[in-house]
Amino acid sequence: MIYDAIERLNAMLYTEALDYLYALANYERVPMAAYSPETLNLNRMRTLLAAMGNPHERYKIVHVAGTKGKGSTSAMMASCLTHLGLKTGLYTSPHLSSLRERMQVNGELVPAEVVGVLADKVKTAAEDIPGLTTFEAITAMAFLHFSREDVDWAVIEVGLGGRLDATNVITPQASVITSISFDHQHILGNTLTEIATEKCGIIKPGVPVVSQSQPAAAMTVIEQTAHERNAPLTIVGRHWRWTAGPTESAQGSLIKQAFEVKKVSQIRSKEKPFVNDLEGWYEIALLGKHQLENATTVIATVDVLREALLTSGAKDLGARAVRDGLRMARWPGRFEILRADPPVIVDGAHNVDSVNKLAMTLVEVFPGKRWTFIFGTLKDKDAEGMLKALNPRATRWIFTQQANNPRARPAETLLELAQAKGMRAVALPNLTDALDAIINTDDAVCILGSVALVGEARVKWALRFGGDAPPVD
């Protein structure tokens, strides 16, 4: 690790670094007052990175935007790059229970003492930059960490939107756009056209784009933007297609799903059934049919990047390394099974589209079951739409809320909303009380509504029942 012991000794403590970061303008905790160039722009980020020597220019990058699936896709992409023999950084947000999750190198979380060093560097560089935000500071820290760790590639997940996101100072080797749907409308716009326009801000002139299948309005924007910027466009569902295959179960629950991928071609024949060596069968441990779309997006991106991967030192560009990368990829808190029988699931779904995908996955993995939903969400989310989407699968609702988050919607207001719809529900604002209510029952339980709530649930579950406890700030 390229961090001097004296440098670490003289840097902030981890807790001091967190205090510094969260004292900045923190839109993850306090809603944005307005969406304007004065509030959101890339000037602060460019100035900060220039003061730090532009660390983001020292490695190759895959940039990933989208409403849903961008985190899973980023995790699978990073795993594949690592298995291709490349030292790989992964930057994601938000975190489940520790900021350390946001920046990883070859799957290893950034050490706590290194966070202190990175925060020190950002604080020094930002002395004359007013208005710096928490997300901008953390993003700069990740860029610097990957540079100092001398990574070959980094997979960078957009925080919000794309056009004005702090990550959008980079020029990647490929831009990836996952599923686009409605979320953050107060910032990104009220139509899919407006939202897609913000996401397409990551498309750079001449840089290849890989997009998932999208609603017509969103796809029109992607195609137009790619054409205007002369960015070669690959579309999953049009140029690469997947077919679900057999699944594997253990203790009554699905643990792995297989799928076949083919590149669309006019020259395929019985004598030549495959036209690309990345075609064939794959397995992933991430559950839900939507994850097959995400995995196929990764395969298509690897194909697009072949030349850049070879020139950057990839040791093995064969399908076996990509298969290993997808098979070994993990993305905690997304349809994660904490207990198989009776099942306890945690899922970070927090908008109507992701909740609909969750509902389908519950049916796929646990057919015929009805669920007790432990649900907590934020004030700016469509709680009514999420309840409506899941209620046909519910036996009862337990409403709770993330501790110490001013953006959390009070459990009592969720209860009022449910009771007005005739739903069977109770409010238990403390998550520990909510878990106590189901722990000795035979209920099938799903905990959802907020990534942070799921992170808190994972920690409480591990402390109560043993196993590897996640890191906690």
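So here's what we get for this one:
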{"read-out": "Three-way shape call for segment 336-465 based on the alpha-carbon gyration tensor, with the a/c threshold at 1.5", "value": "rounded"}
{"read-out": "Relative contact order [Cα under 8 Å, 6+ residues apart], the chain, whole percent", "value": "16 percent"}
{"read-out": "Nitroxide proxy distance, nm - points 7 Å out along Cα→Cβ at THR193 and ALA340", "value": "5.1 nm"}
{"read-out": "Neighbourhood net charge (14 Å Cβ-Cβ; Lys/Arg +1, Asp/Glu -1) for ALA457", "value": "0"}
{"read-out": "Members of LYS123/LYS379; LYS70/LYS289; LYS70/LYS121; LYS199/LYS315 lying beyond 24 Å, as alpha-carbon distances in this model show", "value": "LYS123/LYS379; LYS70/LYS121; LYS199/LYS315"}
{"read-out": "Using θ = phi - 60° and Karplus 6.51 cos²θ - 1.76 cosθ + 1.60, couplings along segment 145-150 (whole Hz; Gly, Pro as x)", "value": "4, 5, 5, 6, 7, 6"}
{"read-out": "Structure-derived semi-axes √(5λ) of the Cα gyration tensor in Å - corresponding label in (i) 32, 30, 22; (ii) 59, 35, 18; (iii) 47, 32, 18", "value": "(i)"}
{"read-out": "Sites ILE439 and TYR3 - FRET efficiency at Förster radius 60 Å, r taken between beta-carbons, to 0.05", "value": "0.90"}
{"read-out": "At R0 = 41 Å, FRET efficiency that the Cβ-Cβ distance of VAL363 and GLN224 yields, to 0.05", "value": "0.70"}
{"read-out": "Sum of -39500 (n - 2.57) over DSSP H runs of 4+, divided by residues of the chain (222 nm, nearest 500)", "value": "-11500 deg cm²/dmol"}
{"read-out": "Stokes-Einstein D for segment 363-404, Kirkwood Rh over Cα pairs, 4 °C, 1.567 mPa s (µm²/s)", "value": "112 µm²/s"}
{"read-out": "Segment ASN430-VAL472, length gained on full extension (0.36 nm per residue, minus Cα span)", "value": "13.3 nm"}
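Just so you know, all these numbers are worked out from the coordinates, no wet-lab data involved. Fair warning: this is a prediction, and the values are worked out from it, not measured in the lab. Because the Cβ atoms are built from the backbone with ideal geometry, glycine has one as well, and the counts that use them run over all protein chains shown.
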